[in-house]
Amino acid sequence: MLEKVLRVSKILLPVFILTVLIAGAAHVYAAHPPEPTAPAEHAWWFWPLILLILSFVLGVFAVMAGVGGGVLYVPIVSGFLPFHLDFVRGAGLIVALAGALAAGPGLLRKGMADLRLAIPMALIASSCAIVGAMIGLALPTNVVQTLLGATILGIVAIMLKAKKSEFPNVPQPDALSQSLRIMGVYYEPTIKKDVQWQIHRTPIGLGLFVFIGVMAGMFGLGAGWANVPVLNLVLGAPIKISVATSKFLLSITDTSAAWIYLNNGAVLPLMVVPSVIGIMLGSFVGVKVLAITKPSLIRIMVIVVLGIAGVKALLKGLGIG
Amino acid sequence: MASHATEEQVLYANILNKGMLVGLLALVVTFVIYGAGILSPKIPLADVQNYWVMPVSDYLKQSGIHAGWAWLGNLKYGDMLNFLPIAFLSLLTIICYVAIIPGLLRKKDTAYVVLAVIEIIVLIVAASGMLGSGGH
């Protein structure tokens, strides 16, 4: 019965353990950080333009690879551009939030994102995202950078290993989901009929959203990479309901974390606005390009790029790269 | 294809849709005002690149910018004006939650009323700045 829970936990928990171990090494390095290099002199619009273009490209690839923009944005921008991680995480959260807000209405109206499923999960995740954001802003930068690198490599592992289940078998809903009446019906065009769904293992799922919330807040990542496996493989929601509800969930989880970054001064409009515009335009183009490309090939490319960004973040955090 | 979305879900979606469109449009408009220099910024545009390379705590110290809701008193500056749509987009979820509560009450859906009220409190606490400001 707990096979699927264990499968997800086997992937998620080592990420946490690895990040904690590496954090220790990063603490040692924290005592002797390198001198910050002087910023290159450019016209004010130079870096915002680079951000706009890069975010556009990330937006295109994110749609085609089926991942959120934030998970690509934070490691790549913090790893390869001169912005401090504090501001990149703040911008990353606003980017993920804007994407979730834009997608949310359509998904809710179609009945793909489910409000009754999202509300309890969102409460746990958004509360924990606040804690994560506060931890992230309190820890030394190199520690957060190192943890980010380890987490990104963990996400790469999840993307490579995690299975999907179109219509998970949920023979009996658990007591909590029954009392909250978390169940629904959606129209599945591939089989041309309505599909009824219900969930189980709700307490375990809620527990996993504690970790998801903390990580989303700490690193400024959207958390779709973790939401979907938990909703689909642990709770047993159909994959389409899981993906749509996950996207909508981000609009709530990222809101709470975004406020912490905003109130701490870690949001710079000159970074945020080009990033939001770029990634949204990229998403629109990505949807069009998706129809004429092989998503599996794009997905492999994104995993490779994410892997490189994860290693780069890890090395940067440890003072090696 | 009939939608199976509930009444609250459709209401939530409609408010979110309108708010998101207004917020994103405002984000672009205020950025144009900022970038075009229609309103002068609190931090000169050319100087921002000197700040975004440093931790947020150093940025706040060196720039003299106050964290939290201080931007609200500085809306005459182009850069601070941009926080208005950002804050609006970040407040949208609270507005949507408030809007669905009457429907949930009518259906005597007590559990979800309680969950929605707690979520609103969580988001208001996060937005209030009560949980500290100022970075590392």
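Where a number appears in this text, it was derived from the coordinates with a stated rule and is not lab data. Remember, it's a predicted structure, so these values are computed and weren't measured experimentally. Cβ: placed from backbone, ideal geometry, glycine included. Neighbour counts: every protein chain shown.
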To make sure I understand the rule: partners must be lysines, Cα under 24 Å from the Cα of B:LYS76, and not fewer than 8 residues away in the same chain. Which ones qualify? B:LYS42, B:LYS61
Alpha-carbon centroids, segment B:83-97 and segment A:252-321: separation in whole Å: 21
What percentages, rounded to whole numbers, describe P(r) for the protein assembly as shown computed over all alpha carbon pairs with 20 Å bin width beginning at zero? 26, 59, 14, 0
Compute the label zone of B:LEU75 within segment B:4-37: residues whose backbone N is under 17 Å from the point 7 Å along Cα-to-Cβ. B:22-34
Would you mind computing Rg(Cα) / (2.2 N^0.38 Å) for segment A:52-121, counting N as its residues? 1.27
Could you list B:LEU16, A:LEU180, B:LEU21, A:LEU108 so that the one with the fewest beta carbons within 10 Å of its beta carbon is first and the one with the most is last? B:LEU21, A:LEU180, B:LEU16, A:LEU108
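Show me the three semi-axes of the equivalent ellipsoid for segment A:38-156, from the C-alpha gyration tensor (sqrt of 5 times each eigenvalue), largest first, rounded to whole Å.
Working: eigenvalues 152, 79, 33 Å².
That gives 28, 20, 13 Å for the three semi-axes.
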Could you work out the relative contact order of chain A? I mean the mean sequence separation of Cα pairs under 8 Å and 6+ apart, divided by the number of residues, in percent. 37
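Among the listed pairs A:LYS163/A:LYS240; A:LYS163/A:LYS193; A:LYS247/B:LYS108, which have their C-alpha atoms separated by more than 22 angstrom in this model?
Values: A:LYS163/A:LYS240 14 Å; A:LYS163/A:LYS193 24 Å; A:LYS247/B:LYS108 28 Å.
As for pairs spanning more than 22 Å Cα to Cα, those are A:LYS163/A:LYS193; A:LYS247/B:LYS108.
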List the residue ranges in chain B for DSSP H helices whose C-alpha atoms run 24 angstrom or more along the long axis and whose Kyte-Doolittle average is 1.6 or above. B:83-106, B:110-128
Counting C-alpha atoms alone, how compact is segment B:28-87: give Rg to one decimal and Dmax as a whole number, in angstrom. 11.3, 30
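Work out which trypsin sites (Lys or Arg not before Pro) in chain A are exposed loop sites (DSSP not H, G, I, E or B, at most 14 other Cβ within 10 Å) and give the longest gap free of them.
Segment A:1-162 is the longest.
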State, to one decimal in nm, how far the label point of B:VAL114 lies from the label point of B:ILE101, with both points 7 Å from Cα in the Cβ direction. 1.6
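Based on the alpha carbons, how large is the Rg to Rh ratio for segment B:7-128 when Rh follows Kirkwood? Before the final figure, lay out each step's value.
Values: Rg = 18.4 Å, Rh = 16.7 Å.
On the Cα set of segment B:7-128, Rg over Rh gives 1.10.
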